[in-house]
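This report refers to the structure that appears directly beneath it.
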Amino acid sequence: MKMLERVEENQTQIVKDYVNRLFESVRMRNPNEWEFLQAVKEVLDSLVPVLVKNPIYIKHAILERMIEPERLITFRVSWVDDKGNVKVNRGYRVQFNSAIGPYKGGLRFHPSVNASIIKFLGFEQTFKNSLTGQPIGGGKGGSDFDPKGKSDLEIMRFCQSFMTELSRHIGPDTDVPAGDIGVGAREIGYLFGQYKKLKNAYEAGVLTGKGIGYGGSLGRKEATGYGLVYFVEEMLKSQGLSFKGSTVVVSGSGNVSIYAMEKAVQFGAKVVSCSDSNGYVYDSNGINLDTVKRIKEIENKRISEYVKDHPGAVYQEGCLGIWAIPCDIALPCATQNEINKEAAEMLVSNGVKAVGEGANMPSTQEAIDTFMDHSVLFAPAKAANAGGVAVSALEMAQNSARLAWTQEEVDLKLQEIMNDIYRKSMKASEEYEVPGNLVVGANIAGFVKVANAMIEQGII
Ligand code: GLU
């Protein structure tokens, strides 16, 4: 073995030991926060080559600082249900990293929400937001409130109570929340109304995902799903493939899923399945999007309703079975860890060619390893689903300038941003000698911008 190679190997081992020690201390300090630890582990492992080349990041304790949120706020949310019962939920906002812009990230209302979920989402958001090229830091928030089955007035009262506390911590130049699971245009409207009343000022840029009539951006609703398909199409193109003529399975039936299906169909694909947290529908004729939109966006009902309008389709209880459906492209757009090793193996054995993550961290580490081992093209969430927050940043820009761009302008910018994220992630993967590994590429490209800004701004 040549001298230089031996030195390099030695360096890599030293960095790996450092990363392992660091992860061990993160594990001790954040016990039982499995999702957060999973997200941190993936990033740490993928950054080894960048740390070998740039020990300055170790010297400045960049990773130690990036893993510790700048601030984590938890608060009581009391509200009264329609029967007059007093209810108490827990609210969260994690302000993870503000090196490159105000904290930015969605709010999730779901019974599974806890500190681990909010921290994993906020940690990933920092890298994702950096990748967009927009001036936005990382944040996330939400509550263990379950919107399912709540009346419109209950939702309004909950949002108002939640915002009464959150309003002390956010602002257009401080922290800008948006939607996520369980928080859509209706909730953003109620949250914005309460913020405006409390502040006695029209600070349009304090929230994104607003209604078009009061400062929202055209194209924001569609952005995550469309962006995902733009990104995956770029990835497919690199191998001479395309959505055109392919069979696609898309989990979920919320905002991300619906618009991913819409764009995939526009690109010539046939989408045969989608789901909700109870089960999935399979329609060999292709999912009818008007039906899904009516059920989910207007009637707020379960996806099982679909078969009433389409008797040829089948509905199955449970979530894992959707990954047993043969497809060329799988787009997990439901929630974290929805694809485990078993699901990944089913997809692989049915010949899946590409997987694009629309949800945040929908694949477990074992699932990702399975895809990589079988050379399945893999588009990781931080890169592939960044279109939503990217257009949120465009909404902030429009709010600051007090003007509104057309749908076409926004969509063109979204396409440019997604292509740029693809190029950046690809370039980083090549530079660090794992060509085509977009997990590593996206983590490195997202990391470097934030890390350099942190060094330039000193130890704070
Ligand atoms: N919740 C979305 C995400 O995971 C959007 C966040 C935003 O627009 O701020 O990126």
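Could you compute how much accessible surface Phe192 exposes when probed at 1.4 Å, giving the result in Å² to the nearest 10?
Surface open to solvent at Phe192 totals about 10 Å².
For the ranges 277-289, 337-349, 106-118, what's the packing order if you count other beta-carbon atoms within 10 Å of each residue, average per peptide, and put the highest first?
106-118, 337-349, 277-289
If the convex hull of the alpha-carbon atoms of the stretch 336-406 is projected onto planes in all directions, what is the mean projected area in square nanometres?
Values: hull surface 23.2 nm².
It is 5.8 nm².
Calculate the spin-label point distance for Ser349 paired with Asn285, positioning each point 7 Å from the Cα along the beta-carbon direction, and give it in nanometres.
For the pair Asn285/Ser349, the computed spacing is 3.2 nm.
Under a 5 Å amide H to amide H cut-off, with H placed in plane at 1.01 Å, what residues pair with Ala61 once short-range neighbours are removed?
none
Using θ = phi - 60° and the Karplus curve 6.51 cos²θ - 1.76 cosθ + 1.60, what whole-Hz ³J(HN,Hα) does each residue of the stretch 112-129 get, with Gly and Pro shown as x?
7, 5, 8, 4, 4, 5, 5, 6, 5, 5, x, 5, 5, 4, 4, 6, 4, 5
Do you know the relative contact order of the chain, to the nearest whole percent, from alpha carbon pairs under 8 angstrom that are 6+ apart?
Details: 918 pairs, mean separation 67.3, N = 460.
Over the chain, the number comes to 15 percent.
Rounded to the nearest 20 debye, what is the charge dipole size of the chain about its Cα centre when +1 sits on each Lys and Arg Cβ and -1 on each Asp and Glu Cβ?
1160 debye
Do the sum for the chain: with -39,500 (n - 2.57) for every DSSP H run of n ≥ 4, divided by all residues, what is the mean residue ellipticity at 222 nm, to the nearest 500 deg cm²/dmol?
-15000 deg cm²/dmol
As a quick test, which of the pairs Lys293/Lys413; Lys128/Lys210; Lys140/Lys296; Lys221/Lys296; Lys104/Lys382; Lys148/Lys196 have an alpha carbon distance above 18 angstrom in this structure?
Checking Cα-Cα distances, Lys293/Lys413; Lys128/Lys210; Lys140/Lys296; Lys148/Lys196 exceed 18 Å.
Measure off 7 Å from each Cα along the Cα-to-Cβ vector at Arg6 and Ala185, then give the distance between these two points in nanometres to one decimal.
Label at Arg6, label at Ala185, 6.7 nm between them.
Would you work out the charge dipole size for the stretch 39-106 about its Cα centre, treating the Cβ of every Lys and Arg as +1 and the Cβ of every Asp and Glu as -1, and quote it to the nearest 20 debye?
Magnitude of the dipole: close to 160 debye.
I'd like the trypsin sites (Lys or Arg not before Pro) in the stretch 370-460 restricted to DSSP loop residues with at most 13 other Cβ atoms within 10 Å, sorted by number.
When the trypsin sites (Lys or Arg not before Pro) of the stretch 370-460 are filtered for loop state and at most 13 Cβ neighbours within 10 Å, Arg402 remain.
Could you state the number of Å between the C-alpha centres of the stretch 1-68 and the stretch 117-146?
Cα centroid to Cα centroid, the span is 21 Å.
From Cα pairs below 8 angstrom and at least 6 apart in sequence, can you work out the relative contact order of the stretch 266-324, rounded to a whole percent?
Worked out over the stretch 266-324, it gives 40 percent.
In the stretch 264-316, which GluC sites (Glu not before Pro) are in a loop and have at most 13 other Cβ atoms within 10 Å, using DSSP for the loop call?
Here the sparse-neighbourhood loop sites are Glu299.
Per residue, how much accessible surface does the chain expose to a 1.4 Å probe? Answer in Å², no decimals.
On a per-residue basis, the chain sits at 42 Å².
Per residue of the stretch 271-277, in order, report the coupling 6.51 cos²θ - 1.76 cosθ + 1.60 (Karplus, θ = phi - 60°) as ³J(HN,Hα) in whole Hz, putting x for Gly and Pro.
Once rounded to whole Hz, the list reads 9, 9, 8, 8, 8, 9, 6.
Mind checking which of Val376, Pro55, Ile329 is farthest towards the positive end of the chain's charge dipole, using Cβ charges of +1 (Lys, Arg) and -1 (Asp, Glu) about the Cα centre?
Pro55
Cα centroids of the stretch 394-460 and the stretch 159-215: how far apart, whole angstrom?
25 Å
For Arg302, Arg90, give me the order by solvent-accessible area with a 1.4 Å probe, most accessible first, ignoring ligands, DNA and RNA.
If we order Arg302, Arg90 from most to least accessible, we get Arg90, Arg302.
Taking the inverse of the average 1/r across all pairs of different Cα atoms in the stretch 210-325, what Kirkwood radius in Å do you get?
14.8 Å
Ignoring ligands, DNA and RNA, what percent of the accessible area of the chain is carbon or sulfur (1.4 Å)? Intermediate values should be presented prior to the final figure.
Values: 9860 of 19290 Å².
Ligands and nucleic acids excluded, carbon and sulfur give 51 percent.
Using the Karplus curve 6.51 cos²θ - 1.76 cosθ + 1.60 with θ = phi - 60°, what ³J(HN,Hα) values do you get for each residue of the stretch 51-65, in whole Hz, with x for Gly and Pro?
Values per residue, Gly and Pro as x: 6, 5, 6, 10, x, 4, 5, 6, 4, 8, 6, 4, 5, 4, 6 Hz.
When all protein chains stay in place, what accessible area (Å², nearest 10, 1.4 Å probe) is found for Lys148?
The accessible area of Lys148 comes to roughly 120 Å².
What is the set of long-range amide H partners of Asn97 at a cut-off below 5 Å, with H atoms built 1.01 Å from backbone N?
Distant-sequence amide H within range of Asn97: Glu70, Gly138.
List every residue whose amide H lies under 5 Å from the amide H of Arg108, counting only residues 5 or more places away in sequence or on a different chain, with H placed 1.01 Å from N in the peptide plane.
Residues meeting the criterion, in which the H sits 1.01 Å from N, are Gly141, Gly142, Ser143.
State the answer as a single residue: which of Phe36, Ile287, Phe192 lies farthest towards the positive end of the charge dipole of the chain, with beta carbon charges of +1 for Lys and Arg and -1 for Asp and Glu, about the Cα centre.
Phe192
With 20 Å bins from zero, work out the P(r) of the chain over every alpha carbon pair and list the percent per bin.
Result, from short to long distances: 25, 59, 15, 1 percent.
Compute the relative contact order of the stretch 219-362 as a whole-number percentage, counting only Cα pairs closer than 8 Å that sit 6 or more residues apart in sequence. All intermediate terms of the calculation are to be shown ahead of the outcome.
Values: 287 pairs, mean separation 35.3, N = 144.
Computed over the stretch 219-362, the figure is 24 percent.
The values are calculated or read from the model by the stated rules, or taken from the named source; none is laboratory data. Computed from a prediction, not measured in an experiment: that's the story for all the values here. Counting neighbours? That spans all protein chains shown, and the Cβs are built from the backbone with ideal geometry, glycine included. Surface areas here come from the heavy atoms of the whole protein model, side chains and all, with no ligands, DNA or RNA. Shrake-Rupley method; radii C 1.70, N 1.55, O 1.52, S 1.80 Å.
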